[in-house]
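One structure is given below, encoded as structure tokens.
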Amino acid sequence: MPIKNRFAEMQDEITEWRRDIHENPEILFETHRTSALVAEKLQSFGCDEVATGLGRTGVVAVIKGREATSGRTIGLRADMDALPIHEATGLDYASKTRGAMHACGHDGHTAMLLGAAKYLAETRNFNGTAVIIFQPAEEGGGGGKEMCDDGLMERFGIQEVYGMHNWPGVEPGQFAIRPGPFFAATDKFDIVVEGKGGHAAKPHETIDPTVVTGHLVTALQTIVSRNADPIQQIVVSVTSMETSSHTFNVIPSRVTLMGTVRTLSNEMRELAATRMKGICDHLGAAFGAQISLDYEYNYPVMANHDEQTEFAAEVAKSVSGQCDTAPLVMGGEDFAFMLEERPGAYILVGNGPSAPVHHPEYNFNDDVIPAGCSWWAGIVEQRMPA
């Protein structure tokens, strides 16, 4: 696999950074140690500017090329946060923080982008400006939105932005991408079903919210099976249910549910929210119960821009010799917020036959480092050639 020789030379050093970050995972916006480590490295590389505190704990570095006559400014983004999962890998460098681990490879993303930043600061073999973005709180906190709300794009003059994620099951160092909608919108809902509790031997004196809830869970599936166009991608999942009673002979007065809706278009997103509200309102009335819905629009659809996707694929081919068409992904990715602000693209790099992401036995594959770093550097050097 043709990669930049410098990254092969740096692989042990970058691996050391990655394993240090892996050993010390931090969740959501609490990436204080990781952010400080990243900022210190960037300053030691001789970046032209290192800014901290964007999106609470985000870090941004500016690296100017040998020339700036192109007028171009390209953003490269990696995520830094870990997950609230207890690690079960048994690695020598396993998480030292109980209940937290890098189960999605953000340690690898951060280390690879640091490696690319070191190389770009050393060589500056491009005409323009590279903006290196390290984001907290990708895993549910919306750190990408908070960085954008803090003026990330405007402050640094970013014109295009690129992201990358490792992907288990794809050959290490191979790439895959697709134009248009790629990762799903990931909305959340909370539902409370209020009835009238009582003794289980006298159901006629109650309004049983468990019965109402059973009908509700089934009815919600008709959003997919009977309301949505069958060729559209949509998932409605009730993922948690709890009653106000925990004994065998009491009918509870309340049931609470939560879940998620995944869609790949704004049309389906709005359809799901509208139909869910209608079902809750009218099903409650049918049973004499009260059903309240709190529907939260979370991460939007992450959609790659056509021109930038084609370019990102060409860079990937220059690194690995090929770039496959990626599958649609019903998981969410808050790089979506950055792609709403600026044109850009998001690519997958193979992690090999590892455990899946968000699994307690997952581990980022350090063999991927040279390919990932080469792609980052290639985005800058090929988009802004010296």
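The values are calculated or read from the model by the stated rules, or taken from the named source; none is laboratory data. In this text the structure is predicted, and so the values were computed from the model without any measurement. All Cβ positions, glycine included, derive from the backbone under ideal geometry; neighbour counts span all protein chains shown. Remember, those area values only see protein heavy atoms, side chains included, never the ligands or the DNA or RNA. Shrake-Rupley method; radii C 1.70, N 1.55, O 1.52, S 1.80 Å.
Points worth noting:
- Segment 1-66: relative contact order in percent, alpha carbon pairs under 8 Å with at least 6 residues between: 21 percent
- Couplings for segment 75-90, taken from phi via the Karplus curve 6.51 cos²θ - 1.76 cosθ + 1.60 with θ = phi - 60°, read x, 10, 10, 10, 9, 10, 7, 9, 10, x, 10, 7, 5, 10, 7, x Hz in order; Gly and Pro are left as x.
- Think of the chain as having a plus end and a minus end, set by charges on the Cβ of Lys, Arg, Asp and Glu; of Thr57, Pro179, Val38, Pro179 sits farthest toward the positive end of this dipole.
- Once the Cα-Cα distance is subtracted from the 0.36 nm per residue extended length, the Val238 to Lys188 segment shows a gain of 17.0 nm.
- Overall Cα dimensions of segment 164-318, principal axis frame, Å, largest first: 72, 30, 22
- Cα long-axis angle, helix 5-23 against the chain (0 to 90 degrees, to the nearest 10): 40 degrees
- Only DSSP H runs of four or more residues enter the estimate; each adds -39500 (n - 2.57), and after division by the residues of the chain the mean residue ellipticity at 222 nm equals -11000 deg cm²/dmol.
- Taking amide hydrogens as placed 1.01 Å from N in the peptide plane, the amide H of Arg178 sits under 5 Å from those of Ala326, each at least 5 positions away in sequence or on another chain.
- Set of aspartates and glutamates near Lys96 by C-alpha distance (under 13 Å), chain-local residues within fewer than 8 positions excluded: Asp20, Glu23, Glu26, Glu87
- Packing rank of 253-264, 53-64, 215-226, 306-317, where each peptide gets the mean count of other beta carbons within 10 Å, highest leading: 53-64, 253-264, 306-317, 215-226
- Measuring against 21 Å, Cα to Cα, the residue pairs Lys118/Lys317; Lys145/Lys188; Lys41/Lys64 contain Lys118/Lys317 as the ones spanning a longer distance.
- Computed from backbone phi with θ = phi - 60° and the Karplus coefficients 6.51, -1.76 and 1.60, the 3J(HN,Hα) list for segment 112-124 is 5, 5, 4, x, 5, 4, 4, 4, 5, 5, 6, 8, 6 Hz; x is used for glycine and proline.
- Rounded to the nearest 20 debye, dipole of segment 1-65 from Cβ charges on Lys, Arg, Asp, Glu: 220 debye
- Of the accessible area of segment 37-169, computed with a 1.4 Å probe over protein heavy atoms only, carbon and sulfur atoms account for 42 percent.
- The chain, accessible area per residue, ligands and nucleic acids excluded (1.4 Å, Å²): 41 Å²
- Cα convex hull of the chain, projected area averaged across orientations, nm²: 20.3 nm²
- Degrees between helix 32-45 axis and first principal axis of the chain (Cα, 0 to 90, nearest 10): 20 degrees
- Rg to Rh, two decimals, where segment 180-263 supplies the alpha carbon set and Rh follows Kirkwood: 1.12
- When you count the other C-beta atoms within 10 angstrom of each residue and take the mean per peptide, 228-235, 129-136 line up highest first as 129-136, 228-235.
- Translational D in µm²/s for segment 336-386 (Stokes-Einstein at 20 °C, 1.002 mPa s, Kirkwood Rh from C-alpha pairs): 160 µm²/s
- Highest average first, the peptides 365-373, 200-208 ordered by how many other beta carbon atoms sit within 10 Å of their residues are 365-373, 200-208.
- Angle of helix 369-383 to the longest C-alpha principal axis of the chain, folded into 0 to 90 degrees and rounded to 10: 70°.
- Three-way shape call for segment 1-79 based on the alpha-carbon gyration tensor, with the a/c threshold at 1.5: oblate
- Between segment 185-226 and segment 314-386, the Cα center-to-center distance that results, in Å: 42 Å
- Cα-Cα separations in segment 310-350 greater than 10 Å, expressed as whole percent: 76 percent
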